[in-house]
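Below is one structure; the comments refer to it alone.
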Amino acid sequence: MTSTAQLFGERSAFWTNQGLVGRDLYLALAADSRLPEHLLQEDLAAILHIDPASVKQRRVRGEEPGFLKLSGKIVLYPRSLFCMWLADMLVDRRSREATPASDRYSRALHRLPASE
């Protein structure tokens, strides 16, 4: 586990203890100033509990989450886009209304909570 992934888990626990769950939790993490602005491929893999090669395969296939390619070997994932992607992927069985993912990030960007 990377130190960033560990911090991500700690901040997730913090926001959960504040009463946030589901989409609201991921939106809080997207705006959390205690987390780094950008994540590495290894960070995403550790957070998602998958192999780093799987993250790379998603990127090569053109799948989300969005990323920045700074050079041939330097790829960064903006934390806010990653968290909003997680929010879009969430299937909340408690919700009576399904929220289509067609608006991807636009609605979420307008509802980012303030960090502590």
Which of the residues that make up segment 12-33 are surrounded by fewer than 17 Cβ atoms within 10 Å (Cβ to Cβ) and within 19 Å of HIS49 (Cα to Cα)?
ALA13, GLY22
Could you please let me know if GLN41 is buried (at least 16 other Cβ atoms within 10 Å of the Cβ) and without any contact (Cβ under 8 Å) to a residue 40 or more places away in the chain?
yes
Failed item, numbered, when SER71 is tested on (1) open to solvent by 60 Å² or more (accessible area, probe 1.4 Å); (2) more than 15 Å from ALA30 (Cα to Cα); (3) out of contact with any helix residue (DSSP H, G or I) (no Cβ under 7 Å at 6 or more places or on another chain):
(1)
State whether the residues of segment 47-70 include one that is polar (S, T, N, Q) and either assigned to a strand (DSSP E or B) or at pLDDT 80 or above (or both).
yes
Close pairs (8 angstrom Cβ cut-off, 6 or more residues apart or separate chains): under 18 Å from HIS38 (Cβ atoms) in segment 3-26, part of a loop (DSSP other than H, G, I, E, B) and open to solvent by less than 30 Å² (accessible area, probe 1.4 Å) anywhere
THR4/LEU35; LEU7/LEU35; PHE8/LEU35; ARG11/ASP32; ARG11/LEU35
Could you give every pair whose Cβ atoms fall below 6 Å, whose first residue belongs to segment 66-81 and is within 22 Å of SER33 (Cβ to Cβ), and whose second residue is among the acidic types (Asp, Glu) and open to solvent by 70 Å² or more (accessible area, probe 1.4 Å), counting only separations of at least 6 or pairs across chains?
ARG79/GLU37
Residue under question is LEU44, and the condition is that it be hydrophobic (A, V, I, L, M, F, W, C) and farther than 21 Å from ARG93 by Cβ; does it hold?
yes
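The values are calculated or read from the model by the stated rules, or taken from the named source; none is laboratory data. Note that the coordinates shown come from a computational prediction; the quantities given were computed from them, not determined experimentally. Please note: Cβ atoms are built from the backbone with ideal geometry, for glycine as well, and neighbour counts cover all protein chains shown. Just the protein is used for accessible areas: all its heavy atoms, side chains included, with ligands, DNA and RNA removed. Shrake-Rupley method; radii C 1.70, N 1.55, O 1.52, S 1.80 Å.
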